[in-house]
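The values are calculated or read from the model by the stated rules, or taken from the named source; none is laboratory data. Since we're looking at a predicted model, the values are computed, not measured. Cβ: placed from backbone, ideal geometry, glycine included. Neighbour counts: every protein chain shown.
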Amino acid sequence: MKNKPVGFRFTTNKNDEITIFHQGRTAANLRGSKASAFLNFAANATDDELQHRMARLTGNYKRGNER
């Protein structure tokens, strides 16, 4: 992959809500079934796969003329 998404990280709070950050700023909040699905994916994902998934969830995906 030429332009890999980077700079994403996430945290989980006591209510099982997930906050995704991009370069230190809040990019998305996940609750309920979306948060559970994300945590299940994150348990077995590589860092590149996890960065890609967070980019898709935040809408920061496919800028320009990627195919």
>> So in the range 26-49, with the set limited to residues that are in contact (Cβ under 8 Å) with a residue 24 or more places away in the chain and in a strand (DSSP E or B), which one is surrounded by the fewest Cβ atoms within 10 Å (Cβ to Cβ)?
In response: Ala28
> If you take the residues of the range 13-25 that are farther than 15 Å from Gln51 by Cα and in contact with a Ser or Thr (Cβ under 8 Å, 6 or more places away or on another chain), which of them is modelled with the highest pLDDT?
Replying inline: Asn13
